[in-house]
Amino acid sequence: MKIALGIEYNGHGFHGWQTQQNLPTIQSCLEEALSNIADERIITFCAGRTDAGVHATGQVIHFETKAKRNMRAWVLGTNTHLPPTIAVRWASVVDDDFHARYKALSRAYRYIIYNHTSRPALLTSRITWNYDVLNLATMQAASQYLIGELDFSSFRSSECESPTPMRNVTHININRIDDYIVIDIQANAFLHHMVRNIVGALMHIGAGFEEPEWMRKVLLARDRRQAVETAPPYGLYLVKVTYPDIYKIPCKNNQLILI
């Protein structure tokens, strides 16, 4: 039997999604909890491997098991074995050909910036602080150069293992709510550090260090060295993964409301 789960987590204190020896990760915590419920070893596969410090409200995983459990056990039972910063939100039986990563049509991320001269205290591990006065209009203008199926070599990390730098970004929406700037971006898939590198460039432009057209120049350079530093992980959330309707995967918008 193959089961899909919707997962939410606060990435602070974890070394990312993927299991690493002797380090706390989201995957290792989940697999240990699920193995307790199944009474057998469980191996999970996720829609997107998030980095250390990155959060999720709409992560999707799947696993195979011989255990016969109802969906309530996979949700509530598993949650009793998880730390309070990780939670299973839903469970569903899926077809044998389903794969959380390879069957996904798109992923959506949200990045939250606290734009104020004074640093925050309560949300310090859940948002990124930028004290520069960020110009929303220039950030919005720059973001439009990134829409479409393009070569994102300038926005991938040196550790990226993807065989191609081509990705199709369908939309980037940037809004300000009081002292917060919220960036929503959706694509068929993302390269390693792609969202954080894009956000770093957008903040650079918003602060007035470059004009919006600089984004196009960086994109066409296809050279990571032409961009700026990677934005911190704290403000990044995986909020939605969509799949073909045949799989009946819940894909409602799970965008976190902090503000």
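The values are calculated or read from the model by the stated rules, or taken from the named source; none is laboratory data. Note that this is a predicted model, so its numbers are computed, not measured. Cβ atoms come from the backbone with ideal geometry, glycine included; neighbour counts cover every protein chain shown.
So the values come out like this:
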{"quantity": "Scan of the range 133-145 for residues that are part of a loop (DSSP other than H, G, I, E, B) and exposed (fewer than 14 other Cβ atoms within 10 Å of the Cβ), ordered by number", "calculated": "V133"}
{"quantity": "All positions within the range 64-80 that are surrounded by 15 or more Cβ atoms within 10 Å (Cβ to Cβ) and touching an Asp or Glu at 6+ places or on another chain (Cβ under 8 Å)", "calculated": "T65, A67"}
{"quantity": "Residues located in the range 101-143, provided they are without any contact (Cβ under 8 Å) to a residue 40 or more places away in the chain and over 17 Å from the mean Cα position of the chain (by Cα)", "calculated": "T117, S118, R119, P120, A121, L122, W129, Y131, A137, Q140"}
{"quantity": "Failed item, numbered, when D97 is tested on (1) in contact (Cβ under 8 Å) with a residue 24 or more places away in the chain; (2) not assigned by TED's automatic domain parsing to the domain that holds E211", "calculated": "(1)"}
{"quantity": "Test: residue in the range 106-124 that is in contact with a strand residue (DSSP E or B) (Cβ under 9 Å, 6 or more places away or on another chain), assigned by TED's automatic domain parsing to the domain that holds Q186, of a type in the set (K, R) and surrounded by fewer than 16 Cβ atoms within 10 Å (Cβ to Cβ)", "calculated": "yes"}
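Results for (1) in contact with a helix residue (DSSP H, G or I) (Cβ under 6 Å, 6 or more places away or on another chain); (2) of a type in the set (S, T, N, Q), shown as yes or no for each residue.
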{"residue": "G77", "(1), (2)": "yes, no"}
{"residue": "P83", "(1), (2)": "no, no"}
{"residue": "R89", "(1), (2)": "no, no"}
{"residue": "S92", "(1), (2)": "no, yes"}
{"residue": "F98", "(1), (2)": "yes, no"}
{"residue": "R119", "(1), (2)": "no, no"}
{"residue": "L146", "(1), (2)": "no, no"}
{"residue": "E149", "(1), (2)": "no, no"}
{"residue": "S158", "(1), (2)": "no, yes"}
